[in-house]
Amino acid sequence: MRTLAIANGELWLHSPNGAPTQIQSPFAKELIERAEQSRRTTGWKHAPREQQSGVIPNSSLWGHRGGGEAVMLVRFLHACRGADDDTLYYVLAVGETRGLFRRHLAEDREVRLFHRTGWDCEGMVYNPADRRIFLTSRNGDGTAHVEAYDEDGNRRGTLTDGDCVDAAPSLVPGRAKTIVYQSSGVARNQQSGHLVAFGHACVHMLDYGSGQLQTLLDNARYDFVAPRMDAQGRLYAIRRPADKPAHQQAGSALMDTLLMPFRLLKAIFGYLNFFSMVYGKEPLRSAGGPRTPELDQDPGGLWLHGRMIELSKVKNDPQYAGKLVPRNWELVRVTAAGAQPEVIAEHVACFDLRANGSVIYSNGFDVFELAGGEVRDVARQQQVAQVGAV
């Protein structure tokens, strides 16, 4: 049985007895080639002057490469199994463009179902029982709802609604028209109606054939994200502490006040170090040998299950212990309605269930499979944001 993984924006297939295979998109390649050709034919209109008049190069200010061209990033966002072992569906981002695709593995053929700009997807699943793709799409007012599409990418309707953010739909084995998904309420300003906060994430089960909705997990102290249910009716989800409202963060405000002088000194040093690099071509700090500008850049973050992960904390924060997410991101299992969640693993960034009941999960770098009480290594990659059974 194969395992798919989205790692550092790349889509990989891992076979039990073979080398991993990277899946690349012909659409993305074509889009990049067209953009490059357009840049070559019309770039003279926007080309920089031969003589650089400023002290700081434009490439340093605007994040361009040495040649002046902007970088068009290609990232796989979501992927899932299709109607059979030969078919995958995935959501791909190329620059500002997002698209839904079907991939036939045996033929190495990609079918573009649709693509558009200004569209964000918060999870997907394919239901072979009624040959529908369920996507969670962001709306302009900040909400997100589960939508149904046919196999050709035509929108067939919306399954959920309300002032909420729904995400991560998955199927319920043995029930042809039932899904489980996470949902968070939305708080808005009373006067303007602008979105100001999100509530904790709970887990709902929806029978979209009858319209019956049931809440399976709801605790104001925790988020329950990326829910899955196995053939025995056991519910799995990632449990993490919910974000506290601003009025409950007095301790954080006090800590910010105490650390303000140190952060201010760090900002001043960074400012002076920047001008030292620009004018003198040397950094103010030299410990550990000469440094390049790339080494001083912020490593950035990764958006995961509706929360930004600061990559700088992976090595520096003991709660992370070198993993992509902290220890309190726990994979839990609920065996019956009303039962207390049982912790299966810690530092869990993503997971999925196989049909045989085994659990695939990752701490963001290592992918494991739990079967019969034993854990085995599946793969090791960088910044694993999703795993799936294929």
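Just wondering, is there one or more residues in segment 230-242 that are touching a strand residue (DSSP E or B) at 6+ places or on another chain (Cβ under 8 Å), without any contact (Cβ under 8 Å) to a residue 40 or more places away in the chain and among the aliphatic types (A, V, I, L, M)?
no
For every residue, the table says whether it meets (1) modelled with pLDDT under 95; (2) in contact with a strand residue (DSSP E or B) (Cβ under 7 Å, 6 or more places away or on another chain); (3) under 17 Å from ASN219 (Cβ atoms).
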position: GLU310; (1), (2), (3): yes, yes, no
position: ASN316; (1), (2), (3): yes, no, no
position: GLY322; (1), (2), (3): yes, no, no
position: ARG327; (1), (2), (3): no, no, no
position: VAL334; (1), (2), (3): no, yes, yes
position: GLY338; (1), (2), (3): yes, no, yes
position: ASN363; (1), (2), (3): no, no, no
position: LEU370; (1), (2), (3): no, yes, no
position: GLY373; (1), (2), (3): yes, no, no
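Determine if segment 239-258 includes at least one residue that is more than 28 Å from VAL332 (Cβ to Cβ), outside any loop (DSSP other than H, G, I, E, B), at pLDDT 70 or above and of a type outside the set (Val, Ile, Thr).
Yes, there is a match, as at least one residue in segment 239-258 is more than 28 Å from VAL332 (Cβ to Cβ), outside any loop (DSSP other than H, G, I, E, B), at pLDDT 70 or above and of a type outside the set (Val, Ile, Thr).
If a residue has to be part of a strand (DSSP E or B) and within 19 Å of the chain's Cα centre (by Cα) to count, how many in segment 117-132 make the cut?
Counting residues in segment 117-132 that are part of a strand (DSSP E or B) and within 19 Å of the chain's Cα centre (by Cα) gives 7.
Considering only segment 138-217, give the strands (runs of 3 or more DSSP E) lying wholly within it that have at least 3 residues that are modelled with pLDDT of 95 or more and among the hydrophobic types (A, V, I, L, M, F, W, C).
Where strands (runs of 3 or more DSSP E) fall fully within segment 138-217 and carry at least 3 residues being modelled with pLDDT of 95 or more and among the hydrophobic types (A, V, I, L, M, F, W, C), they are 144-150, 164-171, 195-207, 212-217.
What are the residues in segment 333-381 that are among the charged types (D, E, K, R) and free of Cβ contacts under 8 Å to residues at least 40 places away in the same chain, if any?
Scanning segment 333-381 gives GLU342, GLU346, ASP366, GLU374, ARG376, ASP377, ARG380.
Can you say whether VAL125 is within 21 Å of THR21 (Cβ to Cβ) and touching a Phe, Trp or Tyr at 6+ places or on another chain (Cβ under 9 Å), as far as the supplied structure shows?
Judged against the criteria, VAL125 is not a match.
Report yes if some residue within segment 89-98 is open to solvent by less than 20 Å² (accessible area, probe 1.4 Å), in a strand (DSSP E or B) and out of contact with any His (no Cβ under 9 Å at 6 or more places or on another chain); otherwise report no.
Among the residues of segment 89-98, at least one is open to solvent by less than 20 Å² (accessible area, probe 1.4 Å), in a strand (DSSP E or B) and out of contact with any His (no Cβ under 9 Å at 6 or more places or on another chain), which makes the answer yes.
Scan VAL343, VAL348 and give me the residue that is modelled with pLDDT of 95 or more and open to solvent by 50 Å² or more (accessible area, probe 1.4 Å).
VAL343
Which of (1) in a strand (DSSP E or B); (2) among the small types (Gly, Ala, Ser); (3) touching an Asp or Glu at 6+ places or on another chain (Cβ under 9 Å) is the odd one out, the single condition ALA83 does not satisfy?
The number of the failed condition is (1).
Checking the structure you have, find out if any residue of segment 146-163 is open to solvent by 20 Å² or more (accessible area, probe 1.4 Å) and among the hydrophobic types (A, V, I, L, M, F, W, C).
Yes, the conditions are met somewhere in segment 146-163.
Kindly evaluate GLN382 against the criterion of being closer than 17 Å to ASN8 by Cα, open to solvent by 60 Å² or more (accessible area, probe 1.4 Å) and part of a loop (DSSP other than H, G, I, E, B).
yes
Go through segment 1-35 and give me each residue that's open to solvent by less than 100 Å² (accessible area, probe 1.4 Å) and without any contact (Cβ under 8 Å) to a residue 12 or more places away in the chain.
Answer for segment 1-35, where residues must be open to solvent by less than 100 Å² (accessible area, probe 1.4 Å) and without any contact (Cβ under 8 Å) to a residue 12 or more places away in the chain: GLY18, ALA19, THR21, GLU30.
Search segment 113-133 for residues being farther than 27 Å from GLY306 by Cβ and not small (Gly, Ala, Ser), and hand back the single one that is most open to solvent (accessible area, probe 1.4 Å).
If we take residues in segment 113-133 being farther than 27 Å from GLY306 by Cβ and not small (Gly, Ala, Ser), then ARG131 is most open to solvent (accessible area, probe 1.4 Å).
Can you tell me which of THR178, THR215 is among the β-branched types (Val, Ile, Thr), under 28 Å from ALA231 (Cβ atoms), surrounded by fewer than 15 Cβ atoms within 10 Å (Cβ to Cβ) and over 20 Å from the mean Cα position of the chain (by Cα)?
Answer to the selection: THR215.
The values are calculated or read from the model by the stated rules, or taken from the named source; none is laboratory data. If you're wondering where the values come from, they're calculated on a predicted model, not measured in any experiment. Backbone-built Cβ (ideal geometry, glycine too); neighbour counts: all protein chains shown. These accessible areas exclude ligands, DNA and RNA; they are computed on the full protein's heavy atoms, side chains included. Shrake-Rupley method; radii C 1.70, N 1.55, O 1.52, S 1.80 Å.
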